Amino acid sequence: MRSRELDAAFESFVQASSASLLRTAYLLTGDRGHAEDLLQTTFLRVAWRWAAASAQPEAYARRVLVNLSRDRWRNLSRRVRERHQPEPPQSACADAAQRVADRESLAGALRELPPRLREVVVLRYFADLPVAETARTLGLSEGAVKSYTNRALARLRLLLEDPQEVREP
């Protein structure tokens with residue numbers, strides 16, 4: 001009987017959190033396929049430890065997701081880097097095309113950040129976690145999260161600057 005209770009509670013958790021955790025995984029990895037793989041592995045690990053994770057399953061899953069993402073980046077650093085080739089927007093609407101371009105620019109800029117800065121930005125602004133929860137998830141102090149956030153936003157501003165803009169002296 002306990003197995004059925006676990007299955008129902010876990011299924012409910014998976015259904016409720018899949019979209020937000022997939023978005024977080026995508027922003028951490030920059031690749032939809034890798035994000036889906038990380039999410040599946042995350043759900044598997046949460047299911048294995050459901051007794052411990054069931055109190056706060058989303059927080060537990062985010063922590064597993066971040067750790068898996070770090071492992072992935074460590075493994076990628078040992079391999080030849082792949083070059084991302086964005087696809088041109090398929091929309092005929094100029095506004096929609098601009099939104100796609102903006103989203104692609106932001107995703108590209110996130111990929112340029114070092115892993116720790118990327119993790120902080122994704123958890124703070126895309127997963128909408130407060131500083132304290134981000135600190136717990138990443139195993140950092142709140143001050144470190146604020147510092148990393150400041151550095152990450154400054155770096156993103158530089159990466160997203162329009163080189164075509166004319167600057168006043």
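Only one of Leu106, Leu129 is outside any helix (DSSP H, G or I) and touching a helix residue (DSSP H, G or I) at 6+ places or on another chain (Cβ under 9 Å). Can you tell me which?
Values: Leu106 fails: outside any helix (DSSP H, G or I).
Being outside any helix (DSSP H, G or I) and touching a helix residue (DSSP H, G or I) at 6+ places or on another chain (Cβ under 9 Å) holds for just one of Leu106, Leu129, which is Leu129.
If you go through the stretch 35-63 one residue at a time, how many are in a helix (DSSP H, G or I) and either modelled with pLDDT under 90 or farther than 26 Å from Gly108 by Cβ (or both)? Give the steps one after another, and end with the answer.
As a first pass, look at the stretch 35-63 and keep what is in a helix (DSSP H, G or I): 35-48, 50-53, 57-63.
So of that shortlist, the ones also either modelled with pLDDT under 90 or farther than 26 Å from Gly108 by Cβ (or both) come out as 43-48, 50-53, 57-61, 63.
Of the residues in the stretch 35-63, 16 are in a helix (DSSP H, G or I) and either modelled with pLDDT under 90 or farther than 26 Å from Gly108 by Cβ (or both).
Given the condition at negative phi, among the β-branched types (Val, Ile, Thr) and at pLDDT 90 or above, answer yes or no: does some residue in the stretch 16-27 qualify?
Here is the first cut: in the stretch 16-27, the residues at negative phi are 16-27.
Now restrict to residues that are among the β-branched types (Val, Ile, Thr): 24.
From what is left, the residues that are at pLDDT 90 or above are 24.
Yes: one or more hits.
Given the residues Leu117, Leu140, which is the only one that is assigned to a loop (DSSP other than H, G, I, E, B), modelled with pLDDT of 90 or more and either in contact with a Lys or Arg (Cβ under 8 Å, 6 or more places away or on another chain) or under 29 Å from Phe43 (Cα atoms) (or both)? Don't jump to the end; show me each part of the working.
Values: Leu117 fails: assigned to a loop (DSSP other than H, G, I, E, B).
So the residue among Leu117, Leu140 that is assigned to a loop (DSSP other than H, G, I, E, B), modelled with pLDDT of 90 or more and either in contact with a Lys or Arg (Cβ under 8 Å, 6 or more places away or on another chain) or under 29 Å from Phe43 (Cα atoms) (or both) is Leu140.
The values are calculated or read from the model by the stated rules, or taken from the named source; none is laboratory data. The model shown is predicted, which means the values in this text are computed figures rather than measured ones. All Cβ positions, even for glycine, are placed from backbone atoms using ideal geometry, and neighbour counts span all protein chains on display.
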